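Data block below; observations after.
What follows is calculated from the coordinates using simple rules that are stated; it is not laboratory data. Predicted, not measured: the structure shown is a model, and the values here were computed from it. Because the Cβ atoms are built from the backbone with ideal geometry, glycine has one as well, and the counts that use them run over all protein chains shown.
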Amino acid sequence: MNEFLKTLPNLVDEIKAVQDIIITNIVLIGQTPAPTFKEKRRSTVFMERLAEFGVDEVTTDGYRNPIGIIRGTAPDKPPIFVLAHLDTFFERDIVHNYTVRKNQITGPGILDNSLGVGVMVSLPILFEKLNLRFESDIVLAGTIQSIGKGNLRGVRHLLKTWPTPIRAGVCLEGVELGRLNYFSDGMIRGEIQCNISEIKGTFYKFTPNAILILNEVINEIMNLRLSQRPRSRIVIGKIAGGANHGKIAYKANLGFEIRSDSYKMVKSIYHNIRDIVEGISHENEVELSIKTISNLKANRLKFNHPLVKNSAAVLETLGIKPISKSTESALSIFLSRKIPSVTLGITHGENYYTEKATMDIVPMFKGIAQVIGVLKAIDSGVCDDA
């Protein structure tokens with residue numbers, strides 16, 4: 001492995017020589033809309049590109065996750081998974097036209113996660129051009145139903161039903177380069193919905209406003225005392241409601257996320273929020289409901305785990321400073337099944353969740369080199385005795 005590390009910086013220029021194919025894959029994937037639960041068209045493009053690159057096997061699992069398998073030289077070795085989620089936050093009615101400039105590509109969903117999928121689709125041709133072989137099979141998985149209400153159903157099903165042990169996993173995300181995730185907090189994402197009855201005969205002394213009712217809920221949530229050990233936080237991420245500027249809002253909804261080192265603490269905070277919702281609903285005589293959208297239990301590798309240490313060494317060899325923080329993503333599902341895994345970011349970008357999301361092209365080549373370096377580390381056996 002040490003010998004391969006020495007060659008990594010030289011790979012960057014060799015990867016850059018294939019940039020036209022990589023950029024084409026990113027654009028083809030990105031310009032194919034894939035909102036959660038509607039990823040079929042992107043899945044088709046994903047499999048077509050893998051077939052064009054001569055991948056040994058292209059198929060889907062029982063949940064329609066598209067998969068490509070590059071056969072290794074040692075059939076007795078468990079496979080290594082490379083995974084990127086196919087779905088994005090943007091609906092089909094958004095114009096998915098990408099703009100390619102000299103140093104940047106701009107378009108909706110490119111950073112989360114069309115870039116990650118496009119790079120993953122490019123790996124077979126890169127392995128061929130760089131003359132790279134692996135002992136393990138490399139499984140390239142584009143998972144569906146990952147974000148939001150998808151609740152990572154695609155990856156949950158894929159790993160639950162995979163028939164053999166899995167050697168390790170590498171999850172790809174568009175940004176940021178230097179990202180090295182190896183742990184996941186416990187998390188519950190929820191929605192609170194307020195409905196004011198417009199039925200004839202309903203009497204209110206003062207007609208309530210759904211937005212103001214949710215404002216009361218927010219104020220009460222902000223008054224909750226959160227523990228520092230285990231570390232906990234509540235994020236209010238979305239709020240919407242009303243029909244126009246001059247009419248009282250009869251419907252409104254609020255999106256929130258609870259995170260903590262301890263899933264037990266996450267559930268406790270959720271129960272407190274549920275009590276707040278029930279209390280305000282009763283006091284104001286309005287229909288106020290709370291529901292869970294997605295959830296994850298806390299999982300982690302230790303920092304001294306060989307995969308973490310070797311991944312950090314790969315990044316540092318390329319002059320990339322590793323940055324580690326919790327990620328509530330597919331990584332958690334791998335770790336929950338005792339599969340050593342990390343999440344890596346590919347490049348730098350801006351305007352993450354807007355239609356003008358933009359990725360930088362040049363840093364991407366180092367980002368791809370790090371992925372190859374981590375795969376080589378896993379294939380050399382760094383996780384086998386951990």
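Here are the numbers for this structure:
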item: Relative contact order (%) - criterion: Cα under 8 Å, at least six apart; region: the range 298-358; result: 29 percent
item: The range 255-298 versus the range 213-244: alpha-carbon centroid distance in Å; result: 10 Å
item: Considering only the chain, percent of DSSP beta bridges that pair antiparallel, nearest 5; result: 70 percent
item: Listed residues Leu331, Leu132, Leu152, most fluctuating in the chain (Gaussian network, C-alpha, under 10 Å); result: Leu132
item: Cβ-placed point charges (K, R +1; D, E -1), dipole of the range 93-146 about Cα centre in debye, nearest 20; result: 320 debye
item: Farthest toward positive dipole pole in the chain [+1 Lys/Arg, -1 Asp/Glu at C-beta], among Val55, Ile248, Leu5; result: Ile248
item: Normalised contact order of the chain, rounded percent, pairs of Cα under 8 Å and 6 or more residues apart; result: 23 percent
item: Selected from Gly367, Gly190, Gly118 as most flexible by GNM, with the chain as the system and alpha-carbon contacts under 10 Å; result: Gly190
item: Kirkwood hydrodynamic radius of the range 186-296, Cα pairs, Å; result: 14.7 Å
item: Among Ile196, Leu177, Ile144 - extreme Cα towards positive end, dipole of the chain, charges at beta-carbon; result: Ile196
item: Relative contact order %, the range 186-296, counting alpha carbon pairs below 8 Å whose residues are six or more apart; result: 46 percent
item: All-pairs alpha carbon distance profile, the chain, 10 Å steps from 0, percent; result: 5, 22, 29, 23, 12, 6, 2, 0
item: The chain, dipole about Cα centre (Lys/Arg Cβ +1, Asp/Glu Cβ -1), debye to the nearest 20; result: 600 debye
item: For Ile125, net neighbour charge (Lys/Arg +1, Asp/Glu -1) across residues whose Cβ lies under 13 Å away; result: -2
item: Alpha-carbon centroid distance for the pair the range 45-65 / the range 357-386, whole angstrom; result: 22 Å
item: Gain upon complete extension [Thr354, Lys251; 0.36 nm per residue less C-alpha separation]; result: 34.5 nm
item: Lys pairs under 19 Å by Cα in the range 186-296, provided they are eight or more residues apart or on distinct chains; result: 9
item: Positive dipole terminus of the chain, leading residue within Val117, Asn209, Thr358 (C-beta point charges); result: Asn209
item: Under 15 Å from the Leu226 label point (7 Å along Cα→beta-carbon), backbone N, the range 180-197; result: 185-190
item: Intensity falloff of the range 288-369 expressed as log10 I(q)/I(0), Debye formula with alpha-carbon point scatterers, at q = 0.16 Å⁻¹; result: -0.81
